[in-house]
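Asks: Here it is, the structure in full.
The values are calculated or read from the model by the stated rules, or taken from the named source; none is laboratory data. Quick caveat: nothing in here was measured; it's all calculated off a predicted structure. Neighbour counts run over all protein chains shown; Cβ positions are idealised from the backbone, glycine included. We work out accessible area using only protein heavy atoms, side chains counted, and drop any ligands, DNA or RNA first. Shrake-Rupley method; radii C 1.70, N 1.55, O 1.52, S 1.80 Å.
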Amino acid sequence: MTVGFIGLGKMGGPMAANVAAAVPGLVCFDLAGTQTRMPTGAVAAQSIADLARRCTTVLISVPDGSATLAVGDAIVAAEDCVVDTLIDLSTIGPTAATQAAALLESVGVIYCDGPVSGGAAGARAATISLMFSGPADVLEAHRSLLESFTGNVFHVGEHAGQGQAMKLANNFLSATALAATSEAVAFGVANGLDMATMIDVLNVSTGRNSATTDKFPNRILTGSYDAGFSTAHMTKDVGLFVDGASAASTAHTVAAAVTDTWRGCYESMPGSDFTEIWKYVSTRSR
């Protein structure tokens, strides 16, 4: 197995660094500039086609479904391509994953989606969770590779898109917890409660959630707003959840309301960290 990594951004960069520490000769490519983003110990490809001629397994971490499909197109078009497996670590939704699988199947490449959760800090610490969807034998053949940059690998399904469905369900719940907790805390502050005291009470009560245990005490109360995941990406993910729920004819009334809140936050603060939704919600409450 020779391994390539495409996409060296906020998540891809630290994941690739952990892979490079475990896999000698990791080949990397990033459209925004490979040399400046490449981890120590890796080697640069000149293009996706160049990487495809050198690597049998390709990991990708790209912004959205159109970027995944662009990578797929480049691999399909590459001469002397040796890629046999592509594992997509991005969050792109079930529809795009299914399209990518069909595209790559046409040239004999197995597409597996393996979106991750845990943020940039988890990517750096190799503690992120990976939701793998694809054949069991492909997972086992690549388990040691995946475990070089993750803390938990879950086999959630055999078919492309099932990993995406799991990731979108997770991010919808995370987005809902943070938006709802922001509204709850804004209500308490408006009634004279201390924010830190509220968080302490919530964390030993039934309102406890990922926002009260992590985002508020570590990112919002400290004023750092540095979770490393953008409002833009969270807005994209909850929108994909609504699209997926609509396509599957499952309830999404709450999701639609949550998505409206995130879209409003993104329009108000387009370059923000997603924990800055507190600023948006608390300002709207006044």
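Asks: Quantify how much of the Cα-Cα distance distribution of segment 149-260 extends past 19 Å, in percent.
Replies: Beyond 19 Å sits 55 percent of the P(r) for segment 149-260.
Asks: In nm, to one decimal, how far is the modelled label at Ala121 from the one at Ser205, with both set 7 Å along Cα→Cβ?
Replies: Taking the simple label geometry, Ala121 and Ser205 are separated by 2.4 nm.
Asks: Which residues' amide hydrogens lie under 5 Å from the amide hydrogen of Ser230, considering only partners 5 or more residues apart or on another chain, with H built in the peptide plane?
Replies: Residues meeting the criterion, in which the H sits 1.01 Å from N, are Phe274.
Asks: Over all alpha-carbon pairs in segment 239-286, figure out the percentage whose distance exceeds 17 Å.
Replies: 41
Asks: Ok, one more. Could you name the lysines whose alpha carbon sits less than 17 Å from that of Lys167, not counting residues in the same chain fewer than 8 places away?
Replies: Partners within reach: Lys236.
Asks: While we're here: Tell me the per residue accessible area of the chain using a 1.4 Å probe; a whole number in Å² is fine.
Replies: 44
Asks: Sort 76-82, 195-201, 241-247 by the packing proxy (mean of other Cβ within 10 Å over each peptide's residues), most packed first.
Replies: So the order, starting with the most tightly packed, is 241-247, 195-201, 76-82.
Asks: Net charge around Ala136, counting only other residues with Cβ within less than 12 Å of its Cβ (Lys, Arg = +1; Asp, Glu = -1)?
Replies: With Lys, Arg at +1 and Asp, Glu at -1, the neighbours total -2.
Asks: Right, something else. Would you kindly state how much longer the chain becomes between Asp50 and Gln35 on full extension, computed as 0.36 nm times their sequence separation minus their alpha carbon distance, in nm to one decimal?
Replies: 3.9 nm
Asks: Using the alpha-carbon atoms, what tilt in degrees (0 to 90, nearest 10) does helix 253-268 show relative to the longest principal axis of the chain?
Replies: Helix 253-268 sits at roughly 90 degrees to that axis.
Asks: Just to confirm a number: summing +1 for Lys and Arg and -1 for Asp and Glu over residues other than Ser90 whose beta-carbon lies under 9 angstrom from that of Ser90, what do you get?
Replies: Once positives and negatives cancel, what remains is -3.
Asks: Given 0.36 nm per residue, what is the gain on full extension from Ala102 to Thr2 after removing their alpha carbon distance, in nm?
Replies: Gain on stretching Ala102 to Thr2: 33.7 nm.
Asks: What share of all Cα pairs of segment 45-90, in percent, falls into each consecutive 10 Å distance bin?
Replies: 30, 61, 10
Asks: Round to a whole number: what % of the accessible area of the chain belongs to carbon and sulfur, probe 1.4 Å?
Replies: On the chain, the fraction of accessible area on carbon and sulfur atoms equals 55 percent.
Asks: Grab every C-alpha pair in segment 1-144, bin the distances at 5 angstrom width from 0 up to the longest one, and report whole percents.
Replies: All Cα pairs, binned at 5 Å, distribute as 2, 11, 22, 25, 23, 14, 3, 0 percent.
Asks: Determine the gain in length on full extension of the stretch Asp226-Val82; use 0.36 nm per residue of separation and subtract their C-alpha separation, reporting nm with one decimal.
Replies: 47.9 nm
Asks: For Cα pairs less than 8 Å apart in space and 6+ apart in sequence, what is the mean separation divided by the residue count of the chain, i.e. the relative contact order in percent?
Replies: 14
Asks: Find the Rg to Rh ratio for segment 123-211, where Rh is the Kirkwood radius over alpha-carbon pairs and Rg uses the same atoms.
Replies: A ratio of 1.18.
Asks: Next question. Sort 205-215, 255-265 by the packing proxy (mean of other Cβ within 10 Å over each peptide's residues), most packed first.
Replies: The peptides rank, most packed first, as 255-265, 205-215.
Asks: Amide H neighbours of Phe5 under 5 Å, at least 5 residues apart or on other chains, H built in the peptide plane: list them.
Replies: Val27, Cys28, Phe29, Leu59
Asks: Quick one: go through segment 162-181 and flag any residue whose amide nitrogen is under 20 Å from the point 7 Å out along the Cα-to-Cβ line of Ala251.
Replies: Of the residues in segment 162-181, 166, 168-181 have backbone N under 20 Å from the label point off Ala251.
Asks: List the equivalent ellipsoid semi-axes of the chain in whole Å, largest first, each obtained as the square root of 5λ for an eigenvalue λ of the Cα gyration tensor.
Replies: 36, 20, 16
Asks: Another question, if that's okay. Return one number: the angle in degrees, 0 to 90 and rounded to the nearest 10, between the long axis of the Cα atoms of helix 136-147 and the longest principal axis of the Cα atoms of the chain.
Replies: Helix 136-147 sits at roughly 70 degrees to that axis.
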